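J.: Structure below; questions to follow.
The values are calculated or read from the model by the stated rules, or taken from the named source; none is laboratory data. All figures in this text were calculated on a predicted structure; none of them were measured in a lab. Cβ sites come from the backbone with ideal geometry, for glycine too, and all protein chains shown count toward neighbours.
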Amino acid sequence: AQSVAQPEDQVNVAEGNPLTVKCTYSVSGNPYLFWYVQYPNRGLQFLLKYITGDNLVKGSYGFEAEFNKSQTSFHLKKPSALVSDSALYFCAVRATSGTYKYIFGTGTRLKVLA
Amino acid sequence: EAQVTQNPRYLITVTGKKLTVTCSQNMNHEYMSWYRQDPGLGLRQIYYSMNVEVTDKGDVPEGYKVSRKEKRNFPLILESPSPNQTSLYFCASANRGLGEKLFFGSGTQLSVL
C-alpha cells in the first residue's frame, strides 16, 4: 500500500539557519512526489515536485527537495529560513501506475524563530 | 484568475440535517477531489473524479456522496451529518497527468453539533 511518513510533528529553526523537513514514502513502482505548504486559514499551495531526472528539485520561495531512491526519502530544504516560512508543510506521493490517488503525510509544522 | 472556489467557508449544522458543500474550478481540469483535514491525521481523500460522471472512493468515503455532472463542479454531499464529520474540508483539482500538481480551494470548516 502507498504511504507517506513525516516523522516530525514540528520543526523549530532560527531565522537564517538552514531547515530540513523530512519525508519518506512507500509506493509500488516509481513515485511522483510533491511538497505543499499551508498558511493559516488558507488552502494548500504547491511548492515543488519530483517526476524524474535530477534528484535535487528547486521550487517556490527558495525551497528545494532532494529525492533519494535508496532511502525512499524526499526531504524539503532551504538554505536560510525566514520567519515568513512558518507554516504547515505536507509531503504527498502518487504512484505512476494504477491508482489516481494522492497520498498525503500528516504534516510538519515549521516554526522559524526570529 | 485560475482558482478553485469552495462554499461556504464556515458551516455549523446539527446532526442529521443534509448539507452540500460546493466546489467549482475554472481551469478546465479533468481531475477533482475532496479531502478532509484532521489534526494528527493530515489530509485524507474522501472521493475523487477523473471526469464527468466518473467518480471513485478515496480512503474515507463513508457518510459522503459526490456527483460530477459538469466538468467544473464537484459538490460534496452529507446526507445525514454526524459529529465525527466535524472537520476542515478541501476541494482540489488538477489536469489529468500523473505528475500534475493539485490546486486547492480555501477550505470549508464544518461543525456538526
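J.: Look at B:Asp56 and say whether it is within 14 Å of another protein chain (Cβ to nearest Cβ), closer than 29 Å to A:Pro7 by Cα, among the acidic types (Asp, Glu) and touching a strand residue (DSSP E or B) at 6+ places or on another chain (Cβ under 7 Å).
T.: So B:Asp56 does not fit the description; no.
J.: Please specify each residue of region B:69-87 satisfying the condition of being surrounded by fewer than 17 Cβ atoms within 10 Å (Cβ to Cβ) and either within 14 Å of chain A (Cβ to nearest Cβ) or in a strand (DSSP E or B) (or both).
T.: B:Asn73, B:Ile77
J.: Next up: Taking B:Ile12 as the residue in question, decide whether it is exposed (fewer than 13 other Cβ atoms within 10 Å of the Cβ) and assigned to a strand (DSSP E or B). Talk me through it step by step, then tell me what you get.
T.: Details: exposed (fewer than 13 other Cβ atoms within 10 Å of the Cβ): yes; assigned to a strand (DSSP E or B): yes.
Yes; evaluated as a whole, the condition is true for this residue.
J.: I would also like to ask the following. Name the residues in region A:20-47 that are part of a loop (DSSP other than H, G, I, E, B) and modelled with pLDDT of 95 or more, would you?
T.: A:Lys22, A:Cys23
J.: Restricting attention to region B:34-68, report how many residues are without any contact (Cβ under 8 Å) to a residue 12 or more places away in the chain and in a strand (DSSP E or B).
T.: Result for region B:34-68: 3.
J.: Here are B:Glu30, B:Glu1: which of them is surrounded by 15 or more Cβ atoms within 10 Å (Cβ to Cβ) and at pLDDT below 95?
T.: B:Glu30
J.: Specify the residue that is modelled with the lowest pLDDT; the eligible residues are those in region A:48-91 that are under 20 Å from A:Tyr25 (Cα atoms) and among the charged types (D, E, K, R).
T.: That would be A:Asp54.
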